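Since the structure comes first, as C-alpha cells, the remarks are kept for the end.
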Amino acid sequence: MKKFTFALVSLLALTFTAKAQQYVSTEPANRNVILEEFTGRNCGYCPDGHLIANQIMASNPGRVWAINVHAGSYAPTTYPNFNTTASATILSGFSVSGFPSGVVNRSTSAAQGRGSWNSLSSQQLNQAAECNVAGIARINPDTRMATITVEVYYTGNSSVNENYLTVAMLQDSILGSQSGMNGNPAQVVGNQYCHMHILRDVITPVWGEAVSPTTQGTLITKTYEYQIPEIIGSPNGVNVVLDHIFFLAWVSEQYQGTPTRPILNACELEKTTMTDEPIYPSIVGVTQVINATCSQTKDFEFELANIGTNSFTSIKYNVEVGDASQEYEWTGELVSGDKTKISFDMEVPFGTNAGTLNIFEINGEAYEYSAAFESQCDEWTELDEEGDVTSLKLYLIQDQWGEQITWDIINSAGETVASGGPYPHLVGAGATQINTENITDLPTNECYLFRIFDSNNNGICCNYGNGYYYIKDAQGVKFIESDGNYGAGETHQFSIHKYGDVVGETMSSNINIYPNPANSKIYVDGENIGFVEVYNSLGQKVTKVEGSESTSVEMTAFENGVYVVRVITNDGSVTTQKVTIVH
C-alpha cells in the first residue's frame, strides 16, 4: 500500500500566529484516552475485555477510544485475518503476560489486566493535557484516497522538546468467529461475533512522526494522503468498507524503550467524503425523529453534504413513503466540503414503510440522486381521564443487570415528564426484582412517548432473568405491556384525553355521524379520518375501526343504550358525539 506525506513546511509546522487553527481548540483541557487492547479471536476471555472497554467508552463519550490490537498467538490468520505488521509492532513494544490486556494512554510499560482499565482511564481523564488534537479525514469514494489534516495545539509545555504524532485507521462491524463470544452478548449476531474498533493500519510511522516545538502556544498542522486499500490482511484478508472505517490521532511524549509514551492527548478525526465532480451531493441517514406525536404526520431529518467542488444554492427533492408523496425545496449556500441538517415532515401510512428521498434538481439544473430510508407509524393508545391531570403506575420486573435499565416519558414538546433507573445489580444468576414507579401529575389532553433502554442492548427478558414490564392507568387498567425482549430499547406512544372533552357533543362541522338513533350500523363521513372509536356509558372502549372517507361501524352486537362515537383524524384532532342504539 502507498502512504504519502506532504513535506511542505507551511503544512507541517506553523507556530504562533502564522495561521489560525481550523479544527483544534486552544482552550486547556484534560486528557482523552486511548486504550490499546491486546486481543484475539481465539481468546476465550477477550469478549469480556471488549465488554469492559465498551462500558468505559459509553461512560465517557467522545473522550475514550478502544483500539483492538489483534496480534500474538491468539490471533489466527484464518478469515477474518486481523493481523497486521503494525499490530505486531505495537504488541512487541509492551510487556504482555496474558490476554486480554491493554495499555491506557501508554501510561505503563507493561500491559494491564482488564480489571484495572477503568481506574487507569479515570486517572488519565482527570489529568491536564499538555496539548489538544483535532482534524478531519476527507475521503474520495471513487479513488479511495483520504486526505487527512491533523492539528496539534499546545496549551502547556511538554517535558521534552520533541513529541510524536500518530494517525491510525480502525474499522467496525466485521463479522467473524470469536471464542467465548457469549461473554459479550451485545456483539453476537447469530452464530458470529461483530468485531469492533479493530486496528487496520497506521498512516504515520507506527510509533508516530516527530513534531516540534512543544511549547505553549504552538500550533502544528500535518497533512497526509493515504490510499485506502480494498483489502487488508494476508492471507484471508478483510474488505475495508469505507462506511465502517474511522481515524484516530494522538500525540505521545517520547521514546521510552521501543514505544513512544505516554500519550498526552487524542481525538477521533471528523470524517467526510469529497470528489472532483462539480455537483455531487451525499445524503447521510434520512431518519425519523422519535417524538411524541399522536398523529400520522411524522418529522424526519437528514444530513446533506456537498462533496463536489461547486456550492449548492438550491435543492429540490420529493419524498415517497408508501402511496404518499410530497415535494420540498431547500435554499441557502452550502459550500464545497460543508454539510447541513435539513428537516421535513409528512403524513405516512400506519406500520413500517420503505421510503425514498429523490433529489431531482440542484442549482436550477436537473439532477438524479436517491436515498432509501424507513418510516414507522404505530397506533397509539387512547386514555380518557376526568381531571386536568392523572397518574400512571409502572411495574418493572428487572433482570439481574438492573444497572443497565433506564426509562423516561416525554411529551409532545420533547420535555421529559418522568424518568427512572438505573436499578440495583442483583446477586445470583437469573435473579429478578419488581420495581414499582408512581408517575403523577401528567396533564391530560396531551400525547406522550414512553421509552425504555438497556445499555447492553439485550433487554431484560432472557439470559439474566425473566424480566418484563407493564403500565396501568389511574383506574388500574393495564394499557402497555412488554415481555422485555427489546434489545437496546423500545417505545410506546399514548395520549390522554380529559373525559369531559371525550363525551361532549361533536365539535367539527366536517364530520358527519349518523343515523341517530341507530339500529345495526352507524356511519361516519368526512375527510382525513384515521380511526373511529365507540365507548359505552361506563367509558369503556367497545370497538375501534380504521377510517376512510365513508366509514361504517357495526353495532349489532352491542346492547341498547347511549354510546359515545369518537373520531380521530390523521392530524390528531378529535370529534365526539353521543349516539343512541335501539335494536
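The values are calculated or read from the model by the stated rules, or taken from the named source; none is laboratory data. The structure displayed is predicted, hence computed values, not measured ones. Using ideal geometry, Cβ is built from the backbone for each residue, glycine included, and neighbour counts are taken over all protein chains shown. Just so you know, the surface numbers come from the protein's heavy atoms only, side chains and all, with ligands and any DNA or RNA stripped out. Shrake-Rupley method; radii C 1.70, N 1.55, O 1.52, S 1.80 Å.
Observations on the model:
- Only a single criterion out of (1) within 15 Å of Tyr164 (Cα to Cα); (2) without any contact (Cβ under 8 Å) to a residue 24 or more places away in the chain is not satisfied by Tyr255, namely (2).
- Qualifying residues in region 157-169 (those that are over 23 Å from Ile136 (Cα atoms) and among the small types (Gly, Ala, Ser)) - the one least open to solvent (accessible area, probe 1.4 Å): Ser158
- Among (1) part of a loop (DSSP other than H, G, I, E, B); (2) crowded, with 17+ Cβ neighbours inside 10 Å; (3) of a type in the set (Ser, Thr, Tyr), the one test that Thr309 misses: (2)
- Hey, Glu446 under 22 Å from Val574 (Cβ atoms) and open to solvent by less than 70 Å² (accessible area, probe 1.4 Å) or not: yes
- Residue within region 198-206 that is touching a helix residue (DSSP H, G or I) at 6+ places or on another chain (Cβ under 9 Å), more than 30 Å from Ile307 (Cα to Cα) and assigned to a helix (DSSP H, G or I) present: no
Residues checked against (1) at pLDDT 95 or above; (2) open to solvent by less than 10 Å² (accessible area, probe 1.4 Å):
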| site | (1), (2) |
| --- | --- |
| Val133 | yes, no |
| Thr155 | yes, no |
| Asn182 | no, no |
| His195 | yes, yes |
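- Condition met for Asn68 (at pLDDT 95 or above, of a type in the set (S, T, N, Q) and either assigned to a loop (DSSP other than H, G, I, E, B) or open to solvent by 70 Å² or more (accessible area, probe 1.4 Å) (or both)): no
- Within region 359-384, the residues that satisfy the criterion of being farther than 25 Å from Thr543 by Cβ, more than 24 Å from the chain's Cα centre (by Cα) and in contact (Cβ under 8 Å) with a residue 12 or more places away in the chain are Ile359, Phe360, Glu361, Ile362, Asn363, Gly364, Glu365, Tyr367, Tyr369.
- Annotation note: of Thr309, Thr331, the sole residue that is free of Cβ contacts under 8 Å to residues at least 60 places away in the same chain, more than 19 Å from the chain's Cα centre (by Cα) and more than 16 Å from Glu361 (Cβ to Cβ) is Thr309.
- Residues satisfying the stated conditions in region 159-194, i.e. farther than 19 Å from Pro205 by Cβ and assigned to a loop (DSSP other than H, G, I, E, B): Ser159, Asp172, Ser173, Ser177, Gln178, Ser179, Gly180, Asn184, Gly190, Asn191
- Out of Thr258, Thr275, sole residue that is at pLDDT below 95, open to solvent by less than 20 Å² (accessible area, probe 1.4 Å), in a loop (DSSP other than H, G, I, E, B) and over 22 Å from Gly156 (Cβ atoms): Thr275
- Any pair with Cβ under 9 angstrom, 6 or more apart, that starts in region 191-205 at a residue that is in contact (Cβ under 8 Å) with a residue 40 or more places away in the chain and ends at one that is hydrophobic (A, V, I, L, M, F, W, C) and open to solvent by 20 Å² or more (accessible area, probe 1.4 Å): Tyr193/Leu175; Tyr193/Met181; His195/Leu175; His197/Met57; His197/Trp65; His197/Phe246; Asp201/Met1
- Yes/no for Asn435 being open to solvent by less than 60 Å² (accessible area, probe 1.4 Å), touching a Leu at 6+ places or on another chain (Cβ under 9 Å) and either among the basic types (Lys, Arg) or not in a strand (DSSP E or B) (or both): no
- Cys294 being hydrophobic (A, V, I, L, M, F, W, C) and in a strand (DSSP E or B): no
- First in region 397-423 and touching a residue at least 40 places away in the same chain (Cβ under 8 Å), second anywhere and of a type in the set (Asp, Glu), Cβ under 9 Å, 6 or more apart: Trp401/Asp454; Gln404/Asp454; Ile405/Asp399; Ile405/Asp454; Thr406/Asp454; Trp407/Glu437; Asn411/Glu446; Ser412/Glu446
- Scanning region 345-369 for residues that are closer than 23 Å to His492 by Cβ, open to solvent by 50 Å² or more (accessible area, probe 1.4 Å) and either touching a Lys or Arg at 6+ places or on another chain (Cβ under 8 Å) or part of a strand (DSSP E or B) (or both) gives Asp345, Glu347, Thr352.
- Taking region 36-65 as the range and being part of a helix (DSSP H, G or I), open to solvent by less than 10 Å² (accessible area, probe 1.4 Å) and either touching a Lys or Arg at 6+ places or on another chain (Cβ under 8 Å) or of a type in the set (A, V, I, L, M) (or both) as the test, the residues that pass are Gly49, Ala53, Ile56.
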